[in-house]
Structure formats: C-alpha cells, structure tokens
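The values are calculated or read from the model by the stated rules, or taken from the named source; none is laboratory data. Owing to the predicted nature of the structure, the values given are computational and were not obtained by experimental measurement. When we count neighbours, we look across all protein chains shown, and the Cβ atoms used for this are built from the backbone with ideal geometry, even at glycine. Each accessible area value is taken on the protein alone, full model and side chains, heavy atoms only, with ligands, DNA and RNA left out. Shrake-Rupley method; radii C 1.70, N 1.55, O 1.52, S 1.80 Å.
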Amino acid sequence: MTNLYLKREETQKKFLFFYAEKEPAHKARKRMEKAYPHARFETVSGVGHGGLQAARPEEYAAYLKKSMME
C-alpha cells in the first residue's frame, strides 16, 4: 500500500536527499528522483559515504544550516 502523505508535492518539497559522489547509494538517485519528483537532491563530489562530514565538517555544518532555512 502506498503512503499518500509521501506522494504529496508539499510533503516532498521538505525532503532532501544528500549523496556523496563516491557512495554506493548514489546509484539509486535516478530511481529516487522518479519516486520523489518534488524533493531536493544534492551531490557532493570528491568524497565517499560520510566523507564531507569527516573531511570538511565546517562546510557540512554550513550546508545543513542553509538547507534547514530553505
């Protein structure tokens, strides 16, 4: 059974899918974009899973703050 709440445009606009370019989950991005066409999708390059938090924590923190304000 499909959750109708997740299908609503106004609900999906609150979603942020954040991928590192080198992480395995990045391969699913096209499927996720199809399932959640109104969500935001971001990719950071040069790092793997959890890499931005570890390698550039200030940049990651600033990104999260900015995303929460949008």
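Overview of results
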| quantity | calculated |
| --- | --- |
| Translational D in µm²/s for the chain (Stokes-Einstein at 4 °C, 1.567 mPa s, Kirkwood Rh from C-alpha pairs) | 98 µm²/s |
| Ranked order, MET68, MET32 - accessible area, probe 1.4 Å, largest first | MET68, MET32 |
| Residue-averaged [θ]222 nm for the chain, counting only DSSP H segments that reach four residues, each worth -39500 (n - 2.57) | -11500 deg cm²/dmol |
| Proximal aspartates and glutamates to LYS13, defined as alpha-carbon separation beneath 19 angstrom and excluding residues fewer than eight positions away on the same chain | GLU33, GLU42, GLU70 |
| About the Cα centre, charge dipole magnitude for the chain (Lys/Arg +1, Asp/Glu -1 at Cβ), debye | 300 debye |
| Options ALA35, LEU64, ALA20, ranked by Cα towards positive dipole end of the chain, top entry (Cβ charges) | ALA35 |
| The chain - percent of accessible surface contributed by carbon and sulfur, probe 1.4 Å | 57 percent |
| At most 16 other Cβ within 10 Å, DSSP loop - chymotrypsin sites (Phe, Trp or Tyr not before Pro), the chain | PHE15 |
| Extension gain (nm, one decimal) between GLU58 and LYS27, 0.36 nm per residue minus Cα-Cα | 8.5 nm |
| GNM result for the chain, Cα springs below 10 Å: residue of ALA20, ALA39, ALA55 fluctuating most strongly | ALA55 |
| Acute angle (nearest 10 degrees) that the helix 57-69 long axis makes with the longest principal axis of the chain, alpha-carbon atoms | 30 degrees |
